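Worksheet: one structure, shown below.
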Amino acid sequence: MKENNSASQKMVKEQLIARNIKSQTVLEAMLNVPRYLFVPENMQESAFSDSALPIGLGQTISQPYIVAFMTEQLEPVPGMKILEIGTGSGYQAAILAYLGCKVYTIELLEELNIRAKKAINSLEFDNVRIKHGDGYLGWPQEAPFDAIIVTAAPDKIPEKLVEQLKDGGKMIIPVGEAGSIQSLKLITKKDDVIRENDLLQVRFVPMVESDI
Ligand code: SAH
């Protein structure tokens, strides 16, 4: 599954290294996981461009820099148990899987869930579980998690997700109103003390409230 082609090399150099992504393992994952597999056919020529891209149903695959930045913040190591909310295309989950993490990812929209499953299965990862469901509930049967990555923006930090974070764990999450600038926050939990750090201003699709 090596996709060491010039488009991904250029993406890594110009979009990631140039903007100070330093983790060698994250850079390697971004170089080798074939991003084009997670981008719709009619968007292939933009697969490695410096932007988010539409993946249908009003949703997007995040900009490569944001994927790399959020991944780096989690300091992923092999075996780490990570919950992702908002599978979308499956690209972020594939990056974490490439890094050897045990990935649990939840997507609200069934059609995207099915597509993401196909893309991830085509890379033959055996360390990703993908579920169709509501991310506000988390994945209690598999909790606690070493880290949680939320890739859709809620208005406020969902309490159930904080509960499902291990002591010493961290969560990265964009928080704010839909359609406006949101704050990408790093939340840490240690001895029941929750700390919040604002990292970047971002714009994610909303995390939708649902009763599925
Ligand atoms: N991580 C994705 C990008 C996600 S876009 C990638 O790598 O491509 C945000 C996704 O969150 C969308 O697919 C959207 O359907 C999903 N989403 C929104 N609200 C949700 C919720 N309550 N639970 C689970 N997924 C949700």
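The values are calculated or read from the model by the stated rules, or taken from the named source; none is laboratory data. None of the values given here were measured: they were computed from a predicted structure. Quick reminder, even Gly has a Cβ in these numbers, built from the backbone with ideal geometry, and neighbours come from all protein chains shown. To get the accessible areas, we keep the full protein, side chains included, count just its heavy atoms, and leave off ligands, DNA and RNA. Shrake-Rupley method; radii C 1.70, N 1.55, O 1.52, S 1.80 Å.
Side notes on the structure shown:
- Failed condition for Gly88, given (1) in contact with a Pro (Cβ under 7 Å, 6 or more places away or on another chain); (2) within 11 Å of the ligand (Cβ to nearest atom): (1)
- Qualifying residue in the range 175-186 (condition: touching a helix residue (DSSP H, G or I) at 6+ places or on another chain (Cβ under 7 Å), within 11 Å of the ligand (Cβ to nearest atom) and either open to solvent by less than 80 Å² (accessible area, probe 1.4 Å) or of a type in the set (Ser, Thr, Tyr) (or both)): no
- Any hit, the range 116-124, residues being of a type outside the set (S, T, N, Q), under 15 Å from Arg35 (Cβ atoms) and more than 12 Å from the ligand (Cβ to nearest atom): yes
- When we screen Asp192, Asp198, Asp211, Asp167 for residues that are modelled with pLDDT under 95, loosely packed, with under 13 Cβ neighbours inside 10 Å and more than 13 Å from the ligand (Cβ to nearest atom), the only hit is Asp192.
- A single member of Ser89, Ser46 is over 21 Å from Asp126 (Cα atoms) and polar (S, T, N, Q), and it is Ser46.
- For the range 56-75, filtering for residues that are in contact with a Ser or Thr (Cβ under 7 Å, 6 or more places away or on another chain) and buried (at least 21 other Cβ atoms within 10 Å of the Cβ) leaves 2.
- Among the residues making up the range 91-150, those that are aromatic (Phe, Trp, Tyr) and open to solvent by less than 20 Å² (accessible area, probe 1.4 Å) are Tyr91, Trp139, Phe145.
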